[in-house]
Amino acid sequence: MPRSHTPWLFSALLLAACPSGSLDLVSPKLVVSVGAGELKDTSVAFGEVVVTNRATRVVTLANVGARSLEIEGVDREGEGTFQHSPIPAAIERGQQVNVVVSFEPNAVGKALGAIVLYTNELGRGTVRVDLSGDGVDPGVRVCAGPLDLVDENCRPGTRRVDFGEAIEKHARPDRRVQITAVGGSRVEVASANVRLTKPLPKCAAGDAFTIVDDPGAFALAPGETRELAIHFAPPCAGDYEAELLLETSDPRNPAPKVSLSGSGEHDCTAMSDTYFPEIVFDNKVDILFILDDSASMQYIQATVKQYAASFIGQLTDPLRPVDFHIGVTTTDLTRADRRGRLVSRTVNAGAFSETIRVINKHSLATAPNPADRGPVRAFQLLMEAIDTSGSPDEFGFATAGAALTFGGSFNYRFGTGTYTIPGAADISTSADPTKPNGFLRPDARLAIIILSDEDDATGQVATMASYVKGLQGLVGRAGVPPGFKQRVLDKPEDLQIFAVVDPSATSAQGCPAPSTWQPGDPPYSYSSGTPNYHAGVAAFGPSARIVSLCSNFPATLTDIATSLSKPQCTFEVKGGIVTPEEGADLCIQGGRCFLPSEYTIAPPSAAQPNGSVTIKDSACPNLQTVLQFDFVSCLRSADQDGDTVPNVMDLCPVNADPGQDDGDSDGTGDACE
């Protein structure tokens, strides 16, 4: 690209005048890195990405030299396939910026691109970062369950369901196999059949393994998952082995299979066994964003809008999708159109018109302009509806209270006064999930995300925390359906609070100042500490946490979204799903275990750290069998290596690899090879 000759001439003169090795004392120096290490070959490889899907990497540009690094120009190769966030014109010495680079293949095959930076660094000047990725066909993913640390398999060649021991002519609990369309197009499953791989015992007559309610041929839309329940009832004593065979339209995985095994034992023979509770995604959640709308928040609001895709992308991940409602309001309780009320925007395009107030995965799905479609765009529009003319006093916790008060009035404290405003709860009564007519749903978990660069002005935050946690503005109020949100009162994980604020309770931690802020930088904070937010989070207890406003913001949004879809270790009992701690003195329904009789569950204890169930069989009145429920392994298997990718999906579950890199596409992550 054409540039001025003056920097080149000045560089040449310095090169002639300075001895070798001394340029670092007078020159800026650009270091390019991805993750924790400097790029050795200045290239970023995205690996395989399904066509029409998007993968992102964060590339850090750091100036480790002695002068300001001027970026005189930027060229990008691979237009349309590779994109990147804005790159500043200068990076001061000792500073760094994060650039988000994305790869969205539009065709199958290898794609190449580059980012070329023209700088004033002496001796180098031009820095090229090569980009590469492979677009691959849409495909199908098959996972066997339930999961444990040995047999948690979504990988070809190792998928296995072992039913363990069962009394002859008695059924074990049905096990499930998940089939997911992980690409961008429809997948056809022509058939699903069970085939024996080992001869039946001589005593056997009839099938030991069957598919419950065999669906025959079926199709999966992109992101859709279908579960097949596999039934095991050995007709007599002996070992049984078979395969579940699938016939699919995926050209790379046309015939996936799952190995099945189990053994039959003679009636009235005592057994010990381990039962692994299914990892259940409790995926229905209402998410309330409460944003500070004071004058100092323009940069933070811009950052949230810029990285909306990071947040929504986690919620719509086809491998662990979240049934979400998102509403947005502000911390301002002085404006009549705020005070806990949700903001809205209307999209008009010809005959098309849709008002966005509550976002879900169906938002703007039929907008005629592709750029206006989907929940990411809907979230960005709501962010645009928030300005920075709000009150300088931020009421994060009080706004949550107002947003959770139905009808009547809501009182909050400020200074020495008490103020009254109308309740602003927005309840959904729609039976059609694609067309919500309100925000709060009776059977959804609740998450509240507060973003502010100053401390909360709400008086008596502990009292307000009790009001919100107990849903005192909803439960029992006239016009609210009976039992509405009752489950939020039952378990801490049903109500989550994220206060994204300055992490220090006493003094500001020191985020970048506005004069040096660039899109992609962490937000900054004007506050002198956030003691009220810390006190409020402490009052909420384990359901709430402080999230640093000064952290890497895309990672912060991704972390919050990931925690909202965290798998729960549960087992089914009469009356619904319960946790191990709630399991005492309950009875499992007959279909969940291998003896259709009486069961007594004991939660984990010092003597039985995994919990246990005592089974009494009416056919053998003197027999009592203890069946271990391995809750410890289940919880560990949810995310054994702590990289935020549940083991059910993790290509390397024992070593942290959040990027899930798999260079040779063999189903095992690079971190395990």
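The values are calculated or read from the model by the stated rules, or taken from the named source; none is laboratory data. Given the structure is predicted, the values throughout are model-derived calculations rather than measurements. Here the Cβ is made from the backbone with ideal geometry for all residues, glycine too, and neighbour counts use every protein chain on show. Each accessible area value is taken on the protein alone, full model and side chains, heavy atoms only, with ligands, DNA and RNA left out. Shrake-Rupley method; radii C 1.70, N 1.55, O 1.52, S 1.80 Å.
Looking at ALA233 and the list (1) modelled with pLDDT of 80 or more; (2) open to solvent by 50 Å² or more (accessible area, probe 1.4 Å), which single condition is not satisfied?
Just one mismatch for ALA233, condition (2).
Quick check on this structure: which one of VAL108, VAL99 is closer than 24 Å to LYS305 by Cα and under 30 Å from the mean Cα position of the chain (by Cα)?
VAL99
Given the conditions (1) open to solvent by less than 60 Å² (accessible area, probe 1.4 Å); (2) at pLDDT 85 or above, report the number of the one that GLN472 does not fulfil.
The single condition GLN472 does not satisfy is (1).
Out of contact with any helix residue (DSSP H, G or I) (no Cβ under 7 Å at 6 or more places or on another chain), at pLDDT 75 or above and open to solvent by less than 60 Å² (accessible area, probe 1.4 Å) - does that describe any residue in segment 15-26?
No, segment 15-26 contains no residue that is out of contact with any helix residue (DSSP H, G or I) (no Cβ under 7 Å at 6 or more places or on another chain), at pLDDT 75 or above and open to solvent by less than 60 Å² (accessible area, probe 1.4 Å).
Of the residues THR463, THR416, THR516, which is out of contact with any strand residue (DSSP E or B) (no Cβ under 6 Å at 6 or more places or on another chain), among the β-branched types (Val, Ile, Thr) and modelled with pLDDT under 75?
Going through THR463, THR416, THR516 in turn, the sole match is THR516.
Just give me the residues in segment 405-414 being farther than 19 Å from ASP292 by Cα and either more than 31 Å from the chain's Cα centre (by Cα) or open to solvent by less than 10 Å² (accessible area, probe 1.4 Å) (or both), in sequence order.
Result: THR405, GLY407, GLY408, SER409, PHE410, ASN411.
Tell me, please, whether a residue that is among the acidic types (Asp, Glu), closer than 24 Å to ASP657 by Cβ and open to solvent by 50 Å² or more (accessible area, probe 1.4 Å) can be found in segment 78-92.
no
Residues that are β-branched (Val, Ile, Thr), over 24 Å from VAL500 (Cα atoms) and open to solvent by less than 40 Å² (accessible area, probe 1.4 Å): list the strands (runs of 3 or more DSSP E) wholly contained in segment 292-404 that include at least 2 such residues.
In segment 292-404, no matching strands (runs of 3 or more DSSP E) lie anywhere.
Would you check which residues across segment 384-425 are closer than 19 Å to ALA535 by Cβ and acidic (Asp, Glu) and list them?
ASP393, GLU394
Tell me, please, whether a residue that is touching a helix residue (DSSP H, G or I) at 6+ places or on another chain (Cβ under 8 Å), in a strand (DSSP E or B), modelled with pLDDT of 90 or more and open to solvent by 20 Å² or more (accessible area, probe 1.4 Å) can be found in segment 99-110.
Yes, segment 99-110 contains at least one residue that is touching a helix residue (DSSP H, G or I) at 6+ places or on another chain (Cβ under 8 Å), in a strand (DSSP E or B), modelled with pLDDT of 90 or more and open to solvent by 20 Å² or more (accessible area, probe 1.4 Å).
Which of the residues spanning segment 415-438 are open to solvent by 70 Å² or more (accessible area, probe 1.4 Å) and either assigned to a loop (DSSP other than H, G, I, E, B) or touching a Leu at 6+ places or on another chain (Cβ under 8 Å) (or both)?
Within segment 415-438, THR416, TYR419, THR429, ALA431, PRO433, LYS435, ASN437 meet the criteria.
Looking at segment 161-194, which of the residues that are touching a helix residue (DSSP H, G or I) at 6+ places or on another chain (Cβ under 9 Å) and modelled with pLDDT under 80 is surrounded by the fewest Cβ atoms within 10 Å (Cβ to Cβ)?
For segment 161-194, the residue satisfying everything is ALA171.
Against the conditions (1) open to solvent by less than 40 Å² (accessible area, probe 1.4 Å); (2) in a loop (DSSP other than H, G, I, E, B); (3) at pLDDT 85 or above; (4) farther than 30 Å from ARG186 by Cα, where does VAL31 fall short? Just the number, please.
Answer for VAL31: the failing condition is (2).
Looking only at strands (runs of 3 or more DSSP E) that lie completely in segment 189-256, which have at least 2 residues being farther than 30 Å from LYS361 by Cβ and touching a His at 6+ places or on another chain (Cβ under 8 Å)?
Strands (runs of 3 or more DSSP E) meeting the threshold: 209-211.
Pick out the one residue from THR158, THR197 that is of a type in the set (S, T, N, Q) and modelled with pLDDT under 75.
THR158
Among the numbered criteria (1) crowded, with 18+ Cβ neighbours inside 10 Å; (2) modelled with pLDDT under 90, which single criterion is violated by ALA66?
Failing condition for ALA66: (1).
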